[in-house]
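J.: Following this message is one structure expressed as structure tokens.
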Amino acid sequence: MKILVIGNGGREHALIWKLSQSSRVKKIYAAPGNGGTGALAENIPIKADNIPELLAFAQKEKIDLTVVGPEVPLTMGIVDEFEKEKLPIFGPNRTGAILEASKAWTKQFLKEEKIPTAHFEVFEEYAPAIDFLSTQAYPIVIKADGLAAGKGVIIAKDRAEAVSALESVLKDKVFGDAGRKVVIEEFLVGREASFQVLVDGHSFLPLDSAQDHKRVGEGDTGPNTGGMGVFSPSPYVTESIRQQTIDTIILPTLKGLLKRGIHFKGVLYAGLMMTQDGPKLLEYNCRFGDPETQALMVRLEDDLVDVLEATISGRLSELSLHWKPGASVCVVMAAHGYPGDVTTGDVIEGLDRVSLPETVVFHAGTKNVDGKTVTSGGRVLGVTAAGKDMRQARERAYDVCEKVHWKGVHYRRDIGGLK
Ligand code: AMP
Ligand code: GLY
């Protein structure tokens, strides 16, 4: 079969890597792909949000399965457009993608369905939002309602920071329309984990857990990022937390969606805070996590094509997933300046020296120029390794990180080092 993977990140490289191992797959296209995907797929110069061109391409090439990586095309309704043309596509439709597209909608939904989450209020106007701050404890969390490329959450440690955050979102419109509304919510204390489930409209199937590291610096310091590394499984997601998450978060969500006529299909990604009162939902994403996917794909033993097809056609209840025992670690190597303004165009050295067992270097912000691989984005590589335990996986991943270099590269050295 012919597969089209939409996106250009490490997540998409990992999906392509796994899909390419299926005996059912003849050809993979990546739109637009990156400097690494070209080795396994044909990169097509169509951007992930150019739905008309993606649709025309899928029709012309008679694509059997399209897999959407990032949230933007999902929230724009790419699945609705493909389904109209009877083209099989993996991901939620526009209505389902609201879970990621609007934090205000989702928080209201969680409240109505009594799903554990931080207490919150939604504001569109600056003055009442400021008044509300006077009654609140600090730190406090301020979130732009819409998609803001992972930058729309501000943790304000005192009132002055909260006022300045509200000013920049509601008055200066730094996130444009995505900041037309803000959610102001209680700061939750605990450990975070990513819990992803495949959903086929009615049944669901959990993926193994993964532990993201959002802050740029070691020991969880510095600004938030899209994710600096992941290990899987997360030892903190115990059987009891997993069951509580399913019972108090996932099942009521799926019920609540169906009640509203929303048939969610694809990956439902729950960002959890494991608090003293049990797991609470920080956010939903409507797609595979990045870099969670990199760490999960090196552990998944099943044919990914079968899994994605079962999700699309409502047959998840017939399936079970099998994970390589042991653990995996993905270390994100980032460009100078990330998560702020980054330097790009730096030549990446040492990629040819990488050949360790069970280790894959997934590309994200890379491109090939004159036979050389150069940096082209913030998160550049996701060095991913599996091992018989976390220690082995971590050692393998960091061995590779030490061999790969470019000007200004930085990465956290504490991924997979349990605290
Ligand atoms: P979100 O995009 O909503 O997951 O937020 C991004 C990151 O901000 C999360 O991964 C947390 O690290 C942090 N965060 C978000 N909401 C809260 C909260 N209510 N309490 C504490 N930290 C939060
Ligand atoms: N790793 C966080 C995310 O995919 O949103």
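The values are calculated or read from the model by the stated rules, or taken from the named source; none is laboratory data. Keep in mind that what you see is a predicted model, and the values were worked out from it rather than measured. Ideal geometry is used to build each Cβ from the backbone, glycine not excepted, and the neighbour counts take in all protein chains shown. In case anyone asks, the SASA skips ligands and DNA or RNA and just uses the protein heavy atoms, side chains included. Shrake-Rupley method; radii C 1.70, N 1.55, O 1.52, S 1.80 Å.
J.: Determine the order of W406, W17 by accessible area, beginning with the largest, at a probe radius of 1.4 Å.
T.: Accessible-area ranking of W406, W17, largest first: W17, W406.
J.: Full extension from R180 to K111: what is 0.36 nm times the residue separation minus their Cα-Cα distance, to one decimal in nm?
T.: Values: separation 69, 0.36 × 69 = 24.84 nm, distance 2.09 nm.
Computed gain between R180 and K111 is 22.8 nm.
J.: Follow-up. Rounded to the nearest whole Å², what accessible area per residue is found for the range 299-415 with the 1.4 Å probe?
T.: Per-residue accessible area for the range 299-415 comes out at 45 Å².
J.: Just reorder V354, V298, V174 by solvent-accessible area, largest first, 1.4 Å probe, all chains present.
T.: V174, V354, V298
J.: Between E239 and D341, with labels modelled 7 Å along Cα→Cβ, what's the label distance in nm to one decimal, could you check?
T.: It is 5.4 nm.
J.: I'd like to know which of A48, C401, G226 lies farthest towards the positive end of the charge dipole of the chain, counting +1 on Cβ of Lys and Arg and -1 on Cβ of Asp and Glu.
T.: C401
J.: What shape does the range 149-274 take by its C-alpha gyration tensor, where a ≥ b ≥ c are the square roots of the eigenvalues and a/c under 1.5 counts as rounded, a/b above b/c as prolate, and the rest as oblate?
T.: Oblate is the answer for the range 149-274, as a/c is 1.5 or above yet b/c matches or exceeds a/b.
J.: If you put +1 on each Lys and Arg Cβ and -1 on each Asp and Glu Cβ, how big is the dipole of the range 185-274 around its Cα centre, in Debye rounded to 20? Let's see the in-between values first.
T.: Values: 8 positive and 10 negative charges, 77 e Å.
Approximately 380 debye in magnitude.
J.: Here's something else I'd like to know. In debye, nearest 20, what is the charge dipole magnitude of the chain about its Cα centre with +1 on Lys and Arg Cβ and -1 on Asp and Glu Cβ, if you could check?
T.: 380 debye
J.: Continuing with this model, one more query. On average, how much accessible surface per residue is there in the range 42-153, in Å², for a 1.4 Å probe, leaving out ligands, DNA and RNA?
T.: 47 Å²
J.: Highest GNM mean-square fluctuation, the chain, Cα pairs closer than 10 Å: which of G38, G365, G222?
T.: Result for the chain, Cα springs under 10 Å: G222 fluctuates most.
J.: Measure off 7 Å from each Cα along the Cα-to-Cβ vector at Y138 and D277, then give the distance between these two points in nanometres to one decimal.
T.: My value for the distance between the label points is 2.3 nm.
J.: Sticking with this one: Which order do F120, F195 take when ranked by solvent-accessible area (1.4 Å probe, heavy atoms of all protein chains), largest first?
T.: The ordering from most to least exposed comes out as F120, F195.
J.: Now for a separate question. Note down the nm distance, to one decimal, between modelled labels 7 Å out along Cα→Cβ at F187 and at A56.
T.: In this crude spin-label approximation the distance works out to 5.1 nm.
J.: Give me the extension gain from Y126 to R413: residue separation times 0.36 nm, minus the current Cα-Cα distance, reported in nm with one decimal.
T.: 99.2 nm
J.: Express in whole angstrom the spacing between the alpha-carbon centres of the range 117-159 and the range 306-380.
T.: 33 Å
J.: Given 0.36 nm per residue, what is the gain on full extension from R94 to E402 after removing their alpha carbon distance, in nm?
T.: 106.7 nm
J.: Mean separation of Cα pairs under 8 Å and 6+ residues apart, divided by the residue count of the range 1-134: what relative contact order is that in percent? Intermediate values should be presented prior to the final figure.
T.: Numbers: 196 pairs, mean separation 25.5, N = 134.
With pairs under 8 Å counted, the relative contact order is 19 percent.
J.: With springs only between Cα atoms under 10 Å apart, run a GNM on the chain and tell me which of D208, D131, D389 wobbles the most.
T.: D131
J.: Return, ordered by residue number, the residues of the range 20-36 whose backbone nitrogen is under 11 Å from a label point located 7 Å along Cα→Cβ of N368.
T.: 34-36
J.: Follow-up. Could you give the dipole magnitude of the range 229-312 about its Cα centre, charging the beta-carbon of Lys and Arg +1 and that of Asp and Glu -1, in debye to the nearest 20?
T.: So the magnitude is around 480 debye.
J.: May I pose another question? Report the accessible area of S240, computed with a 1.4 Å probe over the heavy atoms of all protein chains in place, in Å² rounded to the nearest 10.
T.: 70 Å²
J.: Also: What fraction of the DSSP beta bridges in the chain is antiparallel, stated in percent and rounded to the nearest 5?
T.: 80 percent
J.: Take the chain, connect every pair of alpha-carbon atoms lying under 10 Å apart with a spring to form a Gaussian network, then pick out the residue of G146, G382, G340 with the largest mean-square fluctuation.
T.: G340
J.: Mind grabbing the accessible area of V153 for me, 1.4 Å probe, Å², rounded to tens?
T.: 50 Å²
J.: I would also like to ask the following. By the scheme Lys and Arg +1, Asp and Glu -1, what is the net charge of all other residues having a beta-carbon under 11 Å from that of A56? Numbers along the way, then the final one.
T.: Values: positive: K60; negative: E53, E61, E81, E85.
Local net charge: -3.
J.: For K143, give me every one of the lysines with a C-alpha distance below 21 angstrom, ignoring sequence neighbours fewer than eight places off in its own chain.
T.: Partners within reach: K103, K107, K111, K114, K151, K157, K171, K173, K181, K214, K280.
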